[in-house]
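Below: the structure, in structure tokens.
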Amino acid sequence: MLRAPLPVNNSRKFVKEILNEGFRIDSRSLTEFRPVQIEFPGDYGVVRYTQGNTKVLVSVSAELTQPFEDRASEGMFMVTTELNPMAAPWFNQNDSFLDRIIEKAIRRSAALDLESLCVIAGKVCWRVRADVHVLEFDGNLIDAICAAVITALRHYRHPDTAIDHTTNDVRLIPTKERNPIPLNILHTPISVTFSFYHDNDELLDEDESDTTPSHICLCDATREEESFRSFFLIVTINKSKEICQMYKSGGFQLSTDAIIDCVEQSYKRAVDLTDFIETKLTEDSNLRDPEWKIKLARADNTRIAS
Amino acid sequence: MSLLVTRKSNNLNSLEINDSDDYKNNAVVTPGEVVTEEVTWMKGHGTFTDSRGIKASLAGTVTRVNKLISVRPLKGRYQPEVGDHVIGRVLEVGLKRWKIEIGAAQAGTLMLGSINLPGGILRRKSESDEIQMRELLKEGDLFNAEVQGVFGHGTVHLHTRSLKYGKLRNGFLVVVPSQLIVRSRSYSHILQSGVNMLVGINGMIWLSKQTEEPSAVDTPAITRLEEETQWSIYSDENEFIPPITRSSIARYACCIKALAAFEAPISDSTVNAAYEASLQYQSETLMNPEIQNNIAIMALKSS
Amino acid sequence: MSRIEIFNSEGFRHDGRRFDELRNFTCTIGDHPNLDGSSSVKLGATKVSCMVVGPYNGPPRLNFSIDVTPFSTFERQARKNEKRLQELQSLLVTSFTSACATAELPGTIDVRIQVLAQDGGLVSACTNAATLALIDAGIPMKDYICACSAGIYDTTPFLDLSNAEETDLSFLTIGALGNDSDVLMLLLENKIPADHLPVVMDMALSGTQLVRQVMDDTVRYYTQQRLAKRKLTGL
């Protein structure tokens with residue numbers, strides 16, 4: 001079993017020193033995110049999301065099933081994350097922490113309206129599942145997976161259903177006959193992970209008169225930057241400035257002002273990324289829409305009134 | 001057992017211990033509490049430095065020895081010190097060493113070169129010794145030893161290089177909190193009714209049948225050591241123990257447990273006093289908490 | 001389920017508290033003298049008990065295991081939410097590892113938390129119980145990790161929510177290290193408008209100080225009791 005490479009003291013010191021100056025190894029600023037690419041290589045619900053060198057492939061699928069007894073008018077949604085050596089040689093087991101964060105970001109925050117997945121209360125509902133495959137890992141898996149999953153959910157369409165009310169039979173209508181239906185997504189939660197470091201290596205400096213150690217905070221850490229961070233703070237927020245979840249544990253303490261600062265930064269990111277996702281989704285839906293292609297090819301295009 | 005230190009206020013150079021240090025000796029502190037704001041003190045166990053000064057990291061009492069300030073917890077695992085007499089149990093047989101459970105934060109180590117090999121003190125260990133380690137001490141064996149050294153990370157090295165130390169037989173182990181053991185010069189005590197008590201500072205007490213040749217002797221001449229280090233010292237065979245001795249051992253064990261439950265100090269005098277006090281009770285009732293309480297109280301009164 | 005009034009016009013919550021009142025918080029330490037450390041915490045009707053074994057021989061690490069009994073909730077819970085417990089366990093492991101006063105933990109330490117009754121504030125109760133049990137076991141800690149939850153109803157922040165309030169309101173749990181007004185541990189699992197975050201965090205932090213006072217008093221009391229007993233026995 002391979003282990004993750006241990007942080008080398010020299011390179012760690014070097015990276016820390018340039019962090020103190022406000023630079024990073026890949027010449028980004030502390031608050032800069034790596035460029036994001038979104039591709040829809042296949043059917044509805046399949047998204048390939050790239051952020052720097054971190055690549056994630058999400059595939060959303062749905063099937064009809066019986067709802068839980070205690071949740072008779074709701075559908076089901078589950079996310080499974082596959083972490084195997086394809087992403088990084090030392091990955092060999094699933095990270096339940098990752099699963100929980102994503103589940104909280106999307107399921108608990110009701111991004112996906114579960115009630116809309118109900119077909120016949122108590123008998124038939126949709127079970128939507130998102131399968132996440134990490135293709136390449138270079139840090140910041142949480143942000144990438146969250147964004148990829150919500151994009152995939154917004155992209156996905158499930159076949160329409162015909163309900164025979166007399167027999168309570170549900171029939172799936174093939175997509176050729178009727179257009180598939182998108183899921184009811186109420187909001188788009190975006191996660192941002194902040195990595196924190198002490199700005200001096202000695203944790204307990206005896207001469208320090210300031211009780212709160214000043215710290216360095218950066219967004220979108222690479223694998224190397226992640227390997228020696230003191231702790232991380234995850235903020236999941238949407239464009240309506242609603243925080244869906246927050247998680248911070250361990251390391252040193254943060255002041256409430258610092259936390260609020262991070263929330264503001266993550267809101268900005270959420271706005272930008274949501275707009276980007278929406279642009280990409282529109283582009284893709286245009287490509288899949290046969291009408292649009294015809295419209296584009298028409299000779300009588302709209303003339304711009306001078 | 002409290003480390004009371006007399007304040008040499010005239011010797012301490014310009015440290016206003018009477019003013020800035022609001023705490024008297026033996027004051028109770030809790031984690032995160034500032035013990036003193038002067039950082040020039042030497043920081044002992046149970047303290048750490050912060051921007052606000054020296055803080056306690058344990059709940060306990062502040063003790064000062066000259067310039068060393070530390071916090072003694074009231075509860076905690078045994079903390080080994082060099083020269084301690086301990087009783088240990090073998091956990092693992094490793095390469096030229098045994099891993100020993102002594103009730104501390106980390107396991108102790110007994111090196112193959114630190115024991116008395118059968119055949120005499122001058123016998124060098126051979127390869128066959130390394131392979132036959134299990135014939136000497138195997139997993140689960142009890143023995144008493146002395147702490148040779150304490151290293152970083154809490155690793156403890158033991159040795160049994162004396163006739164006083166070695167495998168334990170013919171008896172019964174009683175485990176009590178290590179803080180209750182009173183440190184004294186000798187750890188092997190001959191009790192009444194043919195019972196021998198071996199006290200380990202780590203809280204393990206071995207009550208055994210008194211053997212004809214008392215194993216607790218002073219360091220003998222080398223020739224005697226050679227004679228006596230036969231393979232028999234590593235034997236697992238118990239001798240015949242008459243029922244009377246067995247019941248005395250059991251009674252002593254209950255008395256020690258009674259003292260421990262009362263958080264009383266455990267020494268040969270208190271144990272004997274407890275035994276005397278327990279004689280009025282039937283042996284079946286000795287584990288009754290009320291009776292144990294009475295025994296402990298009477299023992300402390302008379303000792 | 002009957003509709004309960006979260007906040008009435010007089011300013012009382014459903015259990016008669018004001019918006020900034022903590023529930024009755026009591027704790028005991030050293031309940032199990034055979035263990036290295038033990039504690040029991042009651043936060044309102046939430047009851048949690050914690051047992052610590054260690055440090056014992058092994059690599060320096062902290063192992064948390066939380067066992068939620070099926071009878072701890074109002075309705076018997078046959079299904080255990082394993083993932084949630086695992087997340088809570090890892091949250092506590094990272095928090096307490098950073099609160100340890102020594103650079104490395106003295107050995108392997110097992111912390112077992114048993115949840116006997118739940119009425120909201122589970123994360124806070126578990127954290128507080130673990131703090132007390134670790135102190136009882138003599139594990140060096142920088143300070144108490146005191147945790148408290150706070151939520152928001154409309155624009156009013158609420159301190160220390162009960163189960164009924166937790167189902168209806170958004171809330172977060174903050175763990176602070178001692179007297180510092182800084183956040184060591186933060187867990188928010190519901191939606192909350194970002195503008196309300198500062199007031200909720202401040203409310204939770206003030207709650208942690210109240211909690212710390214009670215825990216400190218308890219530890220002091222027990223330590224003094226034991227000292228007095230030892231003096232009596234001549235130890």
Working only within the stretch A:63-112, note down all residues that are over 14 Å from A:Val132 (Cα atoms), of a type in the set (A, V, I, L, M) and within 11 Å of chain C (Cβ to nearest Cβ).
-> A:Ala105, A:Ala110, A:Ala111
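Would you check which residues across the stretch B:138-162 are outside any strand (DSSP E or B), out of contact with any helix residue (DSSP H, G or I) (no Cβ under 7 Å at 6 or more places or on another chain) and touching a residue at least 24 places away in the same chain (Cβ under 8 Å) and list them?
If we filter the stretch B:138-162 for residues that are outside any strand (DSSP E or B), which is where we start, we get B:138-141, B:151-155, B:160-162.
Imposing the further condition that a residue be out of contact with any helix residue (DSSP H, G or I) (no Cβ under 7 Å at 6 or more places or on another chain) reduces the set to B:138-141, B:151-155, B:162.
Hits for the stretch B:138-162 are B:Lys138, B:Glu139, B:Gly140, B:Asp141, B:His153, B:Gly154, B:Thr155, B:Ser162.
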Among the residues of the stretch B:79-108, which ones are surrounded by fewer than 24 Cβ atoms within 10 Å (Cβ to Cβ), within 11 Å of chain C (Cβ to nearest Cβ) and not in a loop (DSSP other than H, G, I, E, B)?
-> B:Leu91, B:Glu92, B:Lys99, B:Glu101
List the number of the failed condition for B:Leu168; all other conditions in (1) touching a Phe, Trp or Tyr at 6+ places or on another chain (Cβ under 8 Å); (2) within 14 Å of chain C (Cβ to nearest Cβ); (3) under 11 Å from B:Gly88 (Cβ atoms) hold.
-> (2)
Among (1) open to solvent by less than 10 Å² (accessible area, probe 1.4 Å); (2) of a type outside the set (Ser, Thr, Tyr); (3) touching a strand residue (DSSP E or B) at 6+ places or on another chain (Cβ under 6 Å), which single condition is A:Glu82 missing?
-> (1)
Of the residues in the stretch C:91-103, how many are part of a helix (DSSP H, G or I) and either more than 7 Å from every other protein chain (Cβ to nearest Cβ) or open to solvent by less than 40 Å² (accessible area, probe 1.4 Å) (or both)?
-> 7
Part of a loop (DSSP other than H, G, I, E, B) and open to solvent by 40 Å² or more (accessible area, probe 1.4 Å), is that true of B:Arg185?
-> yes
So C:Gln86, is it surrounded by fewer than 19 Cβ atoms within 10 Å (Cβ to Cβ), touching a helix residue (DSSP H, G or I) at 6+ places or on another chain (Cβ under 6 Å) and not in a loop (DSSP other than H, G, I, E, B) | yes
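Residues checked against (1) touching an Asp or Glu at 6+ places or on another chain (Cβ under 7 Å); (2) modelled with pLDDT of 90 or more; (3) within 14 Å of chain C (Cβ to nearest Cβ):
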site: B:Ile205; (1), (2), (3): no, yes, no
site: B:Glu213; (1), (2), (3): no, no, no
site: B:Pro220; (1), (2), (3): no, no, no
site: B:Gln230; (1), (2), (3): no, no, no
site: B:Asp236; (1), (2), (3): no, no, no
site: B:Phe262; (1), (2), (3): no, no, yes
site: B:Ala274; (1), (2), (3): no, yes, yes
site: B:Ser283; (1), (2), (3): no, no, no
site: B:Leu300; (1), (2), (3): no, no, yes
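Before we move on, is C:Glu75 more than 9 Å from every other protein chain (Cβ to nearest Cβ) and either at pLDDT 95 or above or more than 28 Å from C:Met141 (Cα to Cα) (or both)?
So C:Glu75 fits the description; yes.
Only one of C:Ser149, C:Ser162 is polar (S, T, N, Q) and touching a Ser or Thr at 6+ places or on another chain (Cβ under 6 Å). Can you tell me which? Write out each step before concluding.
Working: C:Ser162 fails: touching a Ser or Thr at 6+ places or on another chain (Cβ under 6 Å).
Matching residue, one of C:Ser149, C:Ser162: C:Ser149.
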Checked against (1) at pLDDT 90 or above; (2) outside the structural domain of B:Thr160 (by the TED database), B:Gly83 satisfies every condition except (2)
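I'd like to check something: does the stretch C:67-81 contain any residue that is assigned to a strand (DSSP E or B), open to solvent by less than 70 Å² (accessible area, probe 1.4 Å), on the phi < 0 side of the Ramachandran plot and touching a residue at least 12 places away in the same chain (Cβ under 8 Å)? Before you say what the answer is, go through the steps one by one.
Step one: filter the stretch C:67-81 for residues assigned to a strand (DSSP E or B), giving C:67-68.
From what's left, open to solvent by less than 70 Å² (accessible area, probe 1.4 Å): C:67-68.
Checking which are on the phi < 0 side of the Ramachandran plot leaves us with C:67-68.
Cutting the leftovers down to touching a residue at least 12 places away in the same chain (Cβ under 8 Å) gives us C:67-68.
Yes: the stretch C:67-81 contains one or more residues that are assigned to a strand (DSSP E or B), open to solvent by less than 70 Å² (accessible area, probe 1.4 Å), on the phi < 0 side of the Ramachandran plot and touching a residue at least 12 places away in the same chain (Cβ under 8 Å).
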Consider only pairs whose beta carbons are under 6 Å apart and that are at least six residues apart or on different chains; among these, list those whose first residue lies in the stretch A:243-267 and is at the interface with chain C (Cβ under 7 Å from one of its Cβ atoms) and at positive phi and whose second residue is open to solvent by 30 Å² or more (accessible area, probe 1.4 Å) and assigned to a helix (DSSP H, G or I).
-> A:Gly250/C:Thr94
How many residues of the stretch A:56-72 are surrounded by fewer than 20 Cβ atoms within 10 Å (Cβ to Cβ), at pLDDT 90 or above and of a type outside the set (A, V, I, L, M)? The answer is 6
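Looking at this structure, is A:Phe228 at pLDDT 90 or above and touching a Phe, Trp or Tyr at 6+ places or on another chain (Cβ under 8 Å)? Walk me through it before giving the result.
Values: at pLDDT 90 or above: no; touching a Phe, Trp or Tyr at 6+ places or on another chain (Cβ under 8 Å): yes.
Against the criterion (at pLDDT 90 or above and touching a Phe, Trp or Tyr at 6+ places or on another chain (Cβ under 8 Å)), A:Phe228 does not qualify.
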What is the residue count in the stretch C:29-66 for residues that are within 14 Å of chain B (Cβ to nearest Cβ), on the phi < 0 side of the Ramachandran plot and not in a strand (DSSP E or B)?
-> 9
Tell me, which strands (runs of 3 or more DSSP E) wholly within the stretch A:22-125 include 3 or more residues that are touching a Ser or Thr at 6+ places or on another chain (Cβ under 9 Å)?
-> A:36-39, A:46-51, A:54-65
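The values are calculated or read from the model by the stated rules, or taken from the named source; none is laboratory data. Since the model is a prediction, treat every value here as computed from it, not as a measurement. For neighbour counting, all protein chains shown are included, and Cβ atoms are generated from backbone atoms with ideal geometry for every residue, glycine included. To get the accessible areas, we keep the full protein, side chains included, count just its heavy atoms, and leave off ligands, DNA and RNA. Shrake-Rupley method; radii C 1.70, N 1.55, O 1.52, S 1.80 Å.
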